[in-house]
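The values are calculated or read from the model by the stated rules, or taken from the named source; none is laboratory data. Computed from a predicted model, the values in this text were never measured in an experiment. A quick note on method: Cβ atoms are made from the backbone with ideal geometry, for glycine too, and the neighbour counts reach across all protein chains shown. Side chains included, ligands, DNA and RNA excluded: accessible areas come from the protein's heavy atoms. Shrake-Rupley method; radii C 1.70, N 1.55, O 1.52, S 1.80 Å.
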Amino acid sequence: MRVPNKILLLSVWILGISFFNYGCKEDDMPTVENNLRFGISTTINGEPLALDQTYQNVLGEYVKFSLFKYYVSDVSLINNAGEVVALSEIMLCDAENPTTAEYFLPEGSYQSLRLGLGVKPELNNADPATFDYYKHPLGLGQATYWGWASRYKFVMLEGRYDTTEENLSYAFSYHTGFDTLYTVIDVPINLQLKNTETIDFSLELDANKLFFAAGDTLHVMQDSFTHAEGEEGMALAYKVTQHLAKGFEQK
């Protein structure tokens, strides 16, 4: 008996759909161009830090930041097998203009993120004129190079403070630098990467840790200035560094 053409075509179409559904497994799904969108943000009191806005910190002092920048070096992810996957050699983080970067990384589970707070020694000793003036994080156009010290500033925090919110009468300035203050940090994270989707992942720096971290306090009313000069200045710069190093966590 001759099978009508329409029935024959319908049978072939159904067979083709069945074969496609059977053969198209999850492993065959197309990969995305970038599977990680990574950024570092700065917060205070649980909200994004805004420059020139007055906050009451955890110690009850009123503070307002006019500058909040810091360098991080050798930003890397560490997977559950202990393998290190590099993200960025150097980043200049700015609370006013947060930046993000996209990567395509091996899929799997990642347990920690490693970074160095500051500019690692081999870059800190480099000639800034060798970098693109504006585009590179270490270019002279970033205005982060200490000419007198022939080194970079690692952390740059400036603003005003007082005991009342109405008039912030006093200024504070914390600039750190020098190789001895470079601090490597491992931040516990829980990150699952796949080749078929882009994951947004943000590391958060809690600015309140500047004032209170692990039982240690930094009262801006008592210690309001350091440019890492002299014994006292270096001691305060070290304290600023250690406090901020305890402030990073997965957002």
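So the values come out like this:
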item	result
Amide H partners (placed H, <5 Å) of Leu87, local residues excluded	Val75, Ser76, Leu77
Theoretical FRET efficiency, 1/(1+(r/R0)^6), r = Cβ-Cβ of Glu232 and Thr54, R0 30 Å, to 0.05	0.60
Charge dipole magnitude, Cβ of K and R +1, D and E -1 - region 83-153, Cα centre, debye nearest 20	300
Charge tally in the Cβ shell below 14 Å around Leu236, where Lys, Arg are +1 and Asp, Glu are -1, Leu236 excluded	-4
Amide H within-cut-off set for Gly118, under 5 Å, with H built and near neighbours excluded	Tyr71, Val72, Ser73
Mean separation of Cα contacts under 8 Å, 6 or more apart, over the residue count of region 151-210: relative contact order %	27
Region 211-242-region 156-173 distance, computed between alpha-carbon centres (Å)	16
Net dipole in debye of the chain [+1 Lys, Arg Cβ; -1 Asp, Glu Cβ; about Cα centre; nearest 20]	900
Label point at Ala149 placed 7 Å out along Cα→Cβ; residues across region 219-251 whose backbone nitrogen lies under 17 Å	224-245
Convex hull projection area averaged over all views, the chain, Cα basis, nm²	20.7
In Hz, Karplus ³J(HN,Hα) per residue of region 190-200 (6.51, -1.76, 1.60; θ = phi - 60°; x = Gly, Pro)	9, 9, 10, 10, 10, 7, 10, 8, 9, 9, 8
In Hz, Karplus ³J(HN,Hα) per residue of region 32-47 (6.51, -1.76, 1.60; θ = phi - 60°; x = Gly, Pro)	8, 5, 9, 9, 9, 10, 10, x, 10, 10, 10, 10, 8, 6, x, 9
Other-chain or far-sequence residues with amide H under 5 Å of Thr99's (modelled H)	Ile40, Asp94
Within the accessible area of region 113-202 (1.4 Å probe), percent carbon and sulfur	48
Nearest 10 degrees, 0 to 90: helix 230-245 Cα axis against the chain principal axis	30
